[in-house]
Amino acid sequence: MRNLIRFLKRYYYIFLFILLEGFAIYIISQNSYYQGSAITSIANETAGSISNRTQNISHYFTLGSSNEALVKENAMLRGMIESSYVKYQHKAFQHNDTIYKQQFEYIDAKVIQKTINKRNNYFILNKGLLHGARANMGVISPDGIVGVIINVSQNFSLVMSVLHQDSRPNIKNSRTKISGTLVWEGGNYSAGKLVDIPSSIPLKIGDTIITSGFSQDFPEGISVGKITSFDKDKGTGFYIVDIKFSVDYNKLEYVYIVKNFFKQEHEKLTKDIKNE
Amino acid sequence: MNKDILLGFLHFILIAAFQVFILNGMHFVGYINPLIYVWFILMLPTNTPKWAVLLLSFSMGFVVDMFSGYIGLHCAVLTFIGFIRPLFISVFFSGKEIESNLRPSIAEMGLSNFLPYLAILVFIHHFLYFTFEIFSFAEIFKTLFRIVLSSISTILVILLFDFLFFKQKK
């Protein structure tokens, strides 16, 4: 017994290390297998409430530019409301509320913590379960695409930014309608890459890239960026396209969480395909 | 001793806050991401019990993790640094110096001793951190580039802070 105690006393340090290291690795494995693990969501809640306070101070510095973005968006939306249109077709349907069914709803949120200089970047938003945010909802800003929620706690949600190696949103060229995938290869936070765009259809520098609406996270037509340069990859027959993001992720402050009412139905329908 | 604990606590909060709220939001050149929270572990007094170093590395890692979204990564890497620190302490300090509870810094060690100690540990830390963060061989050159640039920036920031905040002996 005394030997055992001596043994433990001597090597406790190594045991403690293995214990702590093991715990850390356990948390990492939880992260990657279950999006929305309990530990992440507790940590999220704590970090969120602290960041919320510091954000209250730092957001004064960006008030000007956020205001500008919001005003611009307001003006655009004002142009879309009914009162700014003159009715030309008087034969329009009477009960047009049964013709349209709302597919997307938006929850406004504020970014309270973010990273942009890592290989994999995340945001924390100040809206959580209580406000209707759920995992796998898309997040957009007035300027364009932002990311996808991967974890929610009571009051906060964690967003995987498009500046992440696992983020591969489906996009399309607004002019040619050809779709592809957006990837980010690290480094510059204002430049991304498009892959899977067949090189048979000509591109132009300055083409606008928008979300395709194929993935149910984002509505169709959300701005992504503009093509800055492109090159044919001889081996594969695809373009390698560089784009400049329309969103300045460094200044990001107010965003919208996208709630898709048809998502479940869509997932149910496509579930069988994935299983095969 | 009490003063040391209080001071350590203060360092913990200041360094974590600086890392999380200032450095994590900064963006230089795209590849540079100084991770100065390692400094907290490196500058613990030489006589700090090993278990305390381990627990402190774990908690510092966890706090930084909480604010960067992906829990566990900083934690695992920093705990490893806490684990190998005593080895480096015994290389860079004599037995007598360890007993007298020195704080590894330019003031106590001189730049010629402190720099290698700092550089080796920071490099090991960054190497592990960026390797595990990216976890793919596809981007290996980019990763190496990040490791080198970030290590250099971290070392420079720590040297600057050490020089500014700790009294230099004449």
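The values are calculated or read from the model by the stated rules, or taken from the named source; none is laboratory data. Please read all numbers here as calculations on a predicted model, not as lab measurements. Here Cβ is always computed from backbone atoms with ideal geometry, including for glycine, and neighbour counts include all displayed protein chains. We work out accessible area using only protein heavy atoms, side chains counted, and drop any ligands, DNA or RNA first. Shrake-Rupley method; radii C 1.70, N 1.55, O 1.52, S 1.80 Å.
See the values below:
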| quantity | calculated |
| --- | --- |
| Subset of region A:8-46 [modelled with pLDDT under 80 and open to solvent by 40 Å² or more (accessible area, probe 1.4 Å)] | A:Leu8, A:Lys9, A:Arg10, A:Ser32, A:Tyr33, A:Tyr34, A:Gln35, A:Gly36, A:Ala38, A:Ile39, A:Ile42 |
| Region A:204-223, residues that are in a loop (DSSP other than H, G, I, E, B) and open to solvent by 20 Å² or more (accessible area, probe 1.4 Å) | A:Lys204, A:Ile205, A:Gly206, A:Gly213, A:Phe214, A:Ser215, A:Gln216, A:Asp217, A:Glu220, A:Gly221, A:Ile222 |
| Qualifying residue in region B:44-58 (condition: touching a helix residue (DSSP H, G or I) at 6+ places or on another chain (Cβ under 8 Å), touching a residue at least 40 places away in the same chain (Cβ under 8 Å), facing chain A (nearest Cβ under 9 Å) and not in a helix (DSSP H, G or I)) | no |
| Number of the condition not met by B:Glu139 [criteria: (1) touching a residue at least 12 places away in the same chain (Cβ under 8 Å); (2) surrounded by 14 or more Cβ atoms within 10 Å (Cβ to Cβ); (3) not hydroxyl-bearing (Ser, Thr, Tyr)] | (1) |
| Candidate set from region A:49-60 (those that are modelled with pLDDT of 80 or more and more than 9 Å from every other protein chain (Cβ to nearest Cβ)); member that is farthest from the chain's Cα centre (by Cα) | A:Arg53 |
| Residue pairs meeting the criteria (Cβ under 9 Å; at least 6 apart or on separate chains; first without any contact (Cβ under 8 Å) to a residue 40 or more places away in the chain, in region A:55-71; second open to solvent by 50 Å² or more (accessible area, probe 1.4 Å) and assigned to a helix (DSSP H, G or I)) | A:Ser58/B:Phe21 |
| Whichever residue in region A:112-127 is within 11 Å of chain B (Cβ to nearest Cβ) and more than 19 Å from B:Pro34 (Cβ to Cβ) and, among such residues, is nearest to the chain's Cα centre (by Cα) | A:Phe123 |
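Conditions tested, residue by residue: (1) touching a residue at least 40 places away in the same chain (Cβ under 8 Å); (2) within 14 Å of the chain's Cα centre (by Cα); (3) open to solvent by 20 Å² or more (accessible area, probe 1.4 Å).
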residue: B:Lys96; (1), (2), (3): no, no, yes
residue: B:Arg103; (1), (2), (3): yes, yes, yes
residue: B:Pro116; (1), (2), (3): no, yes, yes
residue: B:Ile120; (1), (2), (3): no, yes, yes
residue: B:His125; (1), (2), (3): yes, yes, no
residue: B:Ile134; (1), (2), (3): no, no, no
residue: B:Leu144; (1), (2), (3): no, no, yes
residue: B:Leu149; (1), (2), (3): yes, no, yes
